[in-house]
Amino acid sequence: ASEQSGLNKPLQDLLNKVNATFTINTKPTNKVNEIISDSKRFDLLVIDSINNLGLTPDDIDKIREANPKLAVLAIMQSTKDGTFKGDQRFKHDCDIFLKCNRPKVYQTKSRYSPPSDIVVFENL
């Protein structure tokens, strides 16, 4: 998370539990060329958060064009009313848009399937 050091214990515990191979950039950058270079050896790029890093829809396009096989999971901050902060093009351009409201995640947009609800945290 760009708002944190990226070394928080709950995240580390989760990644270790699932035996994830990962690198956490503890000094996140908003420089698109650095993000492109750093993500070339991975299958998944998690950006937390687009808002805090100051990335634009054009920046995400550049990352995806440079690494076409890279899956990009971008997290956006929300307002108090539950909408996301930022350019509506983020939602328009994405393949899948999820809204998290514990304990469920709501798929509000998908190019591949109809909207659905996904229970993420069963024991809450």
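The values are calculated or read from the model by the stated rules, or taken from the named source; none is laboratory data. Values in this document were obtained by computation on a predicted structure and should not be read as measured data. Note: ideal-geometry Cβ built from the backbone for every residue, glycine included; neighbour counts use all protein chains shown. Heavy atoms of the whole protein, side chains included, go into the accessibility calculation; ligands, DNA and RNA do not. Shrake-Rupley method; radii C 1.70, N 1.55, O 1.52, S 1.80 Å.
Charge tally around D87: other residues with Cβ under 13 Å, Lys/Arg +1 each, Asp/Glu -1 each, net -1. Remark: segment 35-75 carries 59 Å² of accessible area per residue (probe radius 1.4 Å; ligands, DNA and RNA excluded).
Which pairs, out of K17/K109; K62/K91; K80/K104; K17/K62; K40/K85; K17/K80, put more than 23 Å between their alpha-carbon atoms? Going by Cα-Cα distance, K17/K109; K17/K62; K40/K85; K17/K80 fall outside the 23 Å limit. For D58 and L15, the FRET efficiency from 1/(1 + (r/R0)^6), where r spans their Cβ atoms and R0 equals 35 Å, is about 0.70.
So if R0 is 22 Å, what FRET efficiency would Q77 and Q107 give, r being the distance between their Cβ atoms, rounded to the nearest 0.05?
For R0 = 22 Å, the calculated efficiency reads 0.70.
Applying a DSSP loop filter and a limit of 16 other Cβ atoms within 10 Å to the trypsin sites (Lys or Arg not before Pro) in segment 14-103 leaves K31, K40, R41, K69, K80, K85. Gain on full extension, evaluated as 0.36 nm per residue between K85 and K69 minus their Cα-Cα distance, stands at 3.1 nm.
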